[in-house]
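Worksheet for the structure shown next.
Bear in mind these aren't lab numbers, they're just calculated from the coordinates by the rules spelled out. Keep in mind it's a predicted model, so treat the numbers as computed, not measured. Note: ideal-geometry Cβ built from the backbone for every residue, glycine included; neighbour counts use all protein chains shown.
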Amino acid sequence: MSNSPLVDYIRISPHKSPRVYPITKITIHHMAGRLTVEQCGELFQTRQAASNYGIDNSLRVGMYAEEDYRAWCSADYDNDHRAINIEVANDGGEPDWHVSDAVLHKLVDLCVDICQRNNIPRLNFTGDATGNLTQHNYFVATACPGNYMKSKFPWIAAEVNRRLEEEDKMLYKLIIGFASKGDIKTFERLLESLGVEYQEENGYISTGVCTANQKATIEAKATDLIVPCVVVEVIEPEDNSEILNQVLKALKETQEELENLKKQVAIYAEDLAELAR
Ligand SMILES: [Zn+2]
């Protein structure tokens, strides 16, 4: 299992336990305050609670429990073992507990990343605990995640799904490195298990084309090992059809040339026959 490459700050809380189910859900909370990722992390050291991630108003992402761990967050054993719990900072207070657009967009980025790395195909918001995008108040009587955020859940699910669909069509090429011999071996094993082609040279790996899921997994490993990893090429579906058109055009030209050559050969054959007579 991996963690998000979007993380800027880490302060692991003791209020977590090893996860017993695979990750299939996301639960969103609000901090009920304008907390920074540091202040939120401090709170999770003392209060009997934690989340996997938090987002603050500077658009920084904090990690308080690794994804391998169930964070004690939604007061529901089953949900916490299946969900990544995310705390989001407010930029307003009661009664609406407003959250800024910028923070909501960062939240979408994080949800897209979580879905890609954990093979969650899409977020299904049902307005209750049966969906895979859930709210704290579905499990316990609480104001969390606040009236404003509650109203944004259909948008969050739609936006995450739109991004997942769009990024699913894209193909990527990455360069990983510089990395030590040991780390190179780790990446080679990972790329082989993912079925991604690669070339290694002097501590750098250039990958062949990867899907969004494969890219997310590789980036997460690079973050874990503190190895640089950059996207050097994004291939859009339009590009693919452009390449295909070029290939088809070249093929047609070759066919035409072949026809001309055949005609030429036929003429020569006739000439030869004439001469033989
Ligand atoms: Zn909550």
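Fully extending the segment from V209 to D68 would add 47.9 nm, taking 0.36 nm per residue of separation and subtracting the current Cα-Cα distance. Phi-derived couplings, Karplus 6.51 cos²θ - 1.76 cosθ + 1.60 at θ = phi - 60°, listed residue by residue for the range 59-69: 6, 9, 10, x, 10, 10, 8, 4, 5, 5, 10 Hz, with x used for Gly and Pro.
Distant-in-sequence amide contacts of E233, defined by a placed amide H-H separation under 5 Å and a gap of 5 or more residues or a different chain, comprise K173.
With θ taken as phi - 60° and the Karplus curve 6.51 cos²θ - 1.76 cosθ + 1.60 applied, the whole-hertz 3J(HN,Hα) list for the range 198-207 is 7, 9, 10, 8, 6, x, 10, 10, 9, 8 Hz, x standing for glycine and proline. If a spin label sat at a point 7 angstrom from the Cα of R47 along the line to its beta carbon, the backbone N atoms of the range 144-169 nearer than 20 Å would be those of 144-150.
Contact order, relative form, for the range 69-176: 24 percent (alpha carbon pairs under 8 Å, 6 or more residues apart, mean separation divided by residue count). Normalised by the number of residues in the range 170-235, the average gap of Cα pairs under 8 Å and 6 or more apart makes the relative contact order 53 percent. Here K152 is the anchor, and the aspartates and glutamates within straight C-alpha reach of less than 18 Å, apart from those fewer than 8 places off in the same chain, are D56, E87, D91, E94, D96, D101, D109, D128. Here, the range 237-277 is characterised by an Rg to Rh ratio of 1.44, where Rg is the alpha-carbon radius of gyration and Rh the Kirkwood radius.
Determine the percent antiparallel among the DSSP beta bridges restricted to the chain, to the nearest 5. The antiparallel fraction comes to roughly 60 percent.
Before rounding to the nearest 500, sum -39500 (n - 2.57) across all DSSP H runs of length at least 4 in the chain and divide by the residue total; then give [θ] at 222 nm in deg cm²/dmol. Roughly -15000 deg cm²/dmol at 222 nm, from the helical runs in the chain. As a rough footprinting exposure proxy, the listed residues D113, D128, D78 were ranked by other beta carbons within 10 Å of their own, and the order from fewest upward is D128, D78, D113. A Förster radius of 25 Å, combined with the Cβ-Cβ distance separating L194 from Y21, puts the computed FRET efficiency at roughly 0.60. Rounded to the nearest 0.05, the FRET efficiency derived from the C-beta distance between N119 and R34 at R0 = 30 Å is 0.30.
Entry note, the chain: relative contact order of 17 percent, from Cα contacts under 8 Å with a spacing of 6+ residues. Extent of the chain along its three principal axes (Cα atoms, max minus min coordinate, largest first): 106, 44, 33 Å. The phi torsions of the range 84-93, fed into the Karplus equation with coefficients 6.51, -1.76 and 1.60 and a -60° offset, translate into couplings of 8, 9, 10, 9, 10, 6, 8, 10, x, x Hz, rounded to whole numbers, with Gly and Pro shown as x. Scanning residues 5 or more positions from T134 or on other chains, those with amide H under 5 Å from its amide H are I26, T27, I28, with H placed 1.01 Å from N in the peptide plane.
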